[in-house]
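Enquirer: The structure is given below, and queries will be raised subsequently.
The values are calculated or read from the model by the stated rules, or taken from the named source; none is laboratory data. What you are looking at is a predicted structure, and each value in this text was computed from that prediction instead of being measured. Counting neighbours? That spans all protein chains shown, and the Cβs are built from the backbone with ideal geometry, glycine included.
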Amino acid sequence: MMKYVDEYRDGKIAKTLAAVIAAEVRPDSEYHFMEFCGGHTHAISRYGLEDLLPPNVRMIHGPGCPVCVLPISRIDLAIELSRRPEVTLCTYGDLMRVPGSQGSSLMKAKAEGADIRMVYSTLDAVRIAEAEPNREVVFFAIGFETTTPPTALALRFAREKGLTNFAIFCNHVLTPAAVQNILDSPDVKELGNVRIDGFVGPAHVSTVIGAGAFRVFAREFKKPVVVAGFEPLDVMQSILMLIRQVNDGRHEVENQYIRAVTEDGNAKAQAAIAEFFELRDSFEWRGLGEVPNSALRLRPQFANFDAEKRFDLVTKPAKDNPACECGAILRGVKRPRDCKLFGTVCTPDNPMGSCMVSSEGACAAHWTYGRFREKAARQEAAE
Amino acid sequence: MSKSYRRKLDLKNGRVDLSHGAGGRAMAQLIEDIFHNAFDNDWLRAGNDQSAFDVPAGRMVMTTDGYVVSPLFFPGGDIGSLAVHGTINDIAMAGAKPLYLSASFIIEEGFPLGDLDRIARSMGEASRAAAVPVITGDTKVVERGKADGLFISTAGVGIVPAGLNFSSNAARPGDVVLISGSIGDHGVAVMSKRENLDFETEILSDSAALHGLVADMVAAGGAGIRVLRDPTRGGLAATLNELANQSDIGFQIDEDALIVKPQVAAACEFLGLDPLNVANEGKLVAIVAPEVAEAVLAAMRADPLGAESARIGFAVVDPQHFVEMRTSFGGGRIVDWLSGEQLPRIC
């Protein structure tokens, strides 16, 4: 047994919770909840959670997978950077296979001779810069509020050590801006393509920014939000809490993940972020397009650490494969199987779109864990 | 050449240099002092470029394998013992009795002679314990930077008992899936010593020669055993997916029946891995006819290498070849191959 983990994966408790959920849903109502985070998408698929929910509770996978929302233009810039002979690009492994323009990827650039190294932490990149003073070491920084503090700490270390050959390629993005963008989108507001009755709020992101950051959505958009942990029982309990809010006509921010998340979040982490980063006016998200005030860049006084400035990187427009539905899937308008490429030319071994690359992406999660549900559905239809 | 004039190999501080691969006296000394000592048999001492042996009647199997594991030494084994176990297991999965091995060493200039000696001796011990001698070999030295320390390439031959024809396309719907113990031990043990991970764990690699276990299983189940496979790279998930494709079936497995040691589960948790995808080097998966399942399982459990054997699922009709798993949580999911390469050089 793994203490403090297995308790949240207990199948017996899951059965009990499933029975409570089944008893409390109104049979004549539909419940459409979006789990924002890829971590929740992964947990739902990995543990087969949908099998434990009544058919009128539908989970919509949100855009909270940092790899998935990174636009092609940023991958292209990273590849361009890695091809400079003086540059060593350090990256997390799951970015290696994300497709850039014209079938390129960091994996292919590496095979062609680019010095790209997979690291497990930002500090590994700092260590490489320290050990190899003749290389220009660039860390490919991506992720939501959860991964931003470690990048800030790496910058702090680099500054303390006086490193002049370390920089970051900053792609850090902000969760609340994306949630707002979805709620403001025509799909949700006017067209009604996407019905969202509530949100399963982020786990790790909320440990940094606090549950309070989501109050504005409960208040202005009248949507319930339940901040939830990443274990399957956390997700089930939060779904029950959302169902109860909907049944009661409430729209509040509730915190299911009280063992880690506070109202105001982690002040130290927030201070580390604020020390180095400032808001970008706008940033491109795959699927959502340009989203105002949705991402961070380095403050001007840290230009030396900013790969975009140091190497004069200029974003060139890049287009997704026109048949790829990642955009619509990330907005919750379509499901993976609605995409013509899904499972034909686009599979985890040969991903066309970003949702198929990361295990937290909606398409990869569905491919890896969920496809047999379609088989069961087809068999039922045939009988 | 008189022995008294020859300086001994400096196993403490000496390193392999290009002369050790040049075909001269230095190479002869390296082979004699390290490899002949370690493997200690008359075939090698005869000093031929090949070895002759009698061929028994019946069907033989032959296999070949390359070893590039990093690091070379890991908890519970090293590249030498791994090469012996891995090659023996590939032969044994045909139900065969392994007879002889070959080993070829590709060594990077600068490799410590002491490490080479340690690896060769570990290989010799593994081969003696398994009673499968290394009867021919080769040594090459490449310049610094052209190989990462040491690569070992092996071959092996064995003889298949009459009446057995295990094959990966032989599994049928209704067959029972057995596994000989816990999963993920080897991969986690190797990863715990990787330069940029380096975490503390008590997990040892499960690296072991399984031909004894296989012989017991064959005695109990005979031709009722359809196929045996050792779930190495890609773990149990890759093995079951391969078999599902090759036999044109699907599998239904039960997560509660799988054994994952707590340390392996913990390491996988923080590395973001699924134990189903992590390599094993001393486990086997058996797909057996339902009527022999109990007897084969009992034979497995009677062997120390199979003491924790379990029935984990069964084969089903499925033209899509899905491996489905009932999770401990109560839901269902697919167990897919791993995409890309998360753990390069695990064996």
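Enquirer: Please determine, by comparing only the residues of the range A:344-357 that are over 29 Å from A:Pro186 (Cα atoms) and in contact with a helix residue (DSSP H, G or I) (Cβ under 9 Å, 6 or more places away or on another chain), which one is modelled with the lowest pLDDT.
Expert: Here the answer is A:Asn350.
Enquirer: Tell me, which helices (runs of 4 or more DSSP H) wholly within the range A:267-345 include 3 or more residues that are small (Gly, Ala, Ser)?
Expert: Those helices (runs of 4 or more DSSP H) span A:267-276.
Enquirer: Name the residues in the range A:234-249 that are under 26 Å from the mean Cα position of the chain (by Cα) and not acidic (Asp, Glu), would you?
Expert: A:Val235, A:Met236, A:Gln237, A:Ser238, A:Ile239, A:Leu240, A:Met241, A:Leu242, A:Ile243, A:Gln245, A:Val246
Enquirer: So which residues in the range B:232-289 are away from chain A (no Cβ under 11 Å), of a type outside the set (A, V, I, L, M, F, W, C) and over 17 Å from the mean Cα position of the chain (by Cα), if there are any at all?
Expert: B:Asn241, B:Glu242, B:Asn245, B:Gln246, B:Ser247, B:Asp248, B:Asp254, B:Pro275
Enquirer: A further question on this structure: When the range B:315-324 is examined, which residues are found to be crowded, with 20+ Cβ neighbours inside 10 Å and more than 8 Å from chain A (Cβ to nearest Cβ)?
Expert: B:Ala315, B:Val323, listed by residue number.
Condition check ((1) more than 10 Å from every other protein chain (Cβ to nearest Cβ); (2) assigned to a helix (DSSP H, G or I); (3) buried (at least 23 other Cβ atoms within 10 Å of the Cβ)) across all residues:
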{"site": "A:Ala22", "(1), (2), (3)": "yes, yes, no"}
{"site": "A:Ser29", "(1), (2), (3)": "yes, no, no"}
{"site": "A:Glu50", "(1), (2), (3)": "no, yes, no"}
{"site": "A:His61", "(1), (2), (3)": "yes, no, yes"}
{"site": "A:Cys68", "(1), (2), (3)": "yes, yes, yes"}
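Enquirer: A further question follows. Only one residue in A:Ala22, A:Ala14 is over 30 Å from B:Ser182 (Cβ atoms) and hydrophobic (A, V, I, L, M, F, W, C). Which one?
Expert: A:Ala22
Enquirer: Can B:Ala302 be described as away from chain A (no Cβ under 14 Å), crowded, with 22+ Cβ neighbours inside 10 Å and within 30 Å of B:Leu164 (Cα to Cα)?
Expert: The answer is no for B:Ala302.
Enquirer: When you go through (1) buried (at least 23 other Cβ atoms within 10 Å of the Cβ); (2) modelled with pLDDT of 90 or more; (3) within 20 Å of A:Val357 (Cα to Cα) one by one for A:Leu81, which number turns out not to apply?
Expert: Failed condition: (3).
Enquirer: Next question. Using the structure shown, decide if B:Pro98 is under 25 Å from B:Ala279 (Cβ atoms) and part of a strand (DSSP E or B).
Expert: For B:Pro98, the condition - under 25 Å from B:Ala279 (Cβ atoms) and part of a strand (DSSP E or B) - is met.
Enquirer: Which one of these is of a type outside the set (Lys, Arg), exposed (fewer than 14 other Cβ atoms within 10 Å of the Cβ) and outside the structural domain of B:Asp206 (by TED's automatic domain parsing): B:Gly86, B:Gly80, B:Gly66?
Expert: B:Gly66
Enquirer: Would the range A:268-278 turn up any residue that is farther than 30 Å from A:Ala307 by Cα and under 22 Å from the mean Cα position of the chain (by Cα)?
Expert: No: zero hits.
Enquirer: From A:Pro300, A:Pro336, grab the single residue that is under 30 Å from A:Phe276 (Cα atoms) and either acidic (Asp, Glu) or at pLDDT 80 or above (or both).
Expert: A:Pro300 is the lone residue from the list that is under 30 Å from A:Phe276 (Cα atoms) and either acidic (Asp, Glu) or at pLDDT 80 or above (or both).
Rundown of residues vs (1) in contact with a helix residue (DSSP H, G or I) (Cβ under 7 Å, 6 or more places away or on another chain); (2) of a type in the set (Phe, Trp, Tyr); (3) under 15 Å from A:Leu240 (Cα atoms), yes/no style:
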position	(1), (2), (3)
A:Ala23	no, no, yes
A:Val67	yes, no, no
A:Ser73	no, no, no
A:Asp76	yes, no, no
A:Leu81	yes, no, no
A:Leu89	yes, no, no
A:Leu95	yes, no, no
A:Glu112	no, no, no
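Enquirer: If only one of B:Asp303, B:Asp318, B:Asp336 is acidic (Asp, Glu) and under 30 Å from A:Lys110 (Cα atoms), which one is it?
Expert: Result: B:Asp336 is the single residue among B:Asp303, B:Asp318, B:Asp336 that is acidic (Asp, Glu) and under 30 Å from A:Lys110 (Cα atoms).
Enquirer: Residues that are of a type in the set (Val, Ile, Thr), touching a residue at least 24 places away in the same chain (Cβ under 8 Å), buried (at least 16 other Cβ atoms within 10 Å of the Cβ) and within 10 Å of chain B (Cβ to nearest Cβ): does the range A:37-44 have at least one?
Expert: Among the residues of the range A:37-44, at least one is of a type in the set (Val, Ile, Thr), touching a residue at least 24 places away in the same chain (Cβ under 8 Å), buried (at least 16 other Cβ atoms within 10 Å of the Cβ) and within 10 Å of chain B (Cβ to nearest Cβ), which makes the answer yes.
Enquirer: Now for a different question. Filter the range A:128-159 for residues that are more than 25 Å from the chain's Cα centre (by Cα) and either buried (at least 19 other Cβ atoms within 10 Å of the Cβ) or part of a strand (DSSP E or B) (or both) and give the result.
Expert: Scanning the range A:128-159 gives A:Ile128, A:Ala129, A:Glu136, A:Val137, A:Ala158.
Enquirer: Sticking with this one: I'd like the full set of residues that are of a type in the set (Lys, Arg) and modelled with pLDDT of 95 or more, limited to the range A:244-267.
Expert: Of everything in the range A:244-267, those that are of a type in the set (Lys, Arg) and modelled with pLDDT of 95 or more turn out to be A:Arg244, A:Arg250.
Enquirer: What pairs come out if I take residues in the range A:361-382 that are more than 8 Å from chain B (Cβ to nearest Cβ) and on the phi < 0 side of the Ramachandran plot and pair them with residues that are part of a helix (DSSP H, G or I) and modelled with pLDDT under 70 whose C-beta lies under 7 Å away, six or more apart or interchain?
Expert: Note: no pairs meet the criteria.
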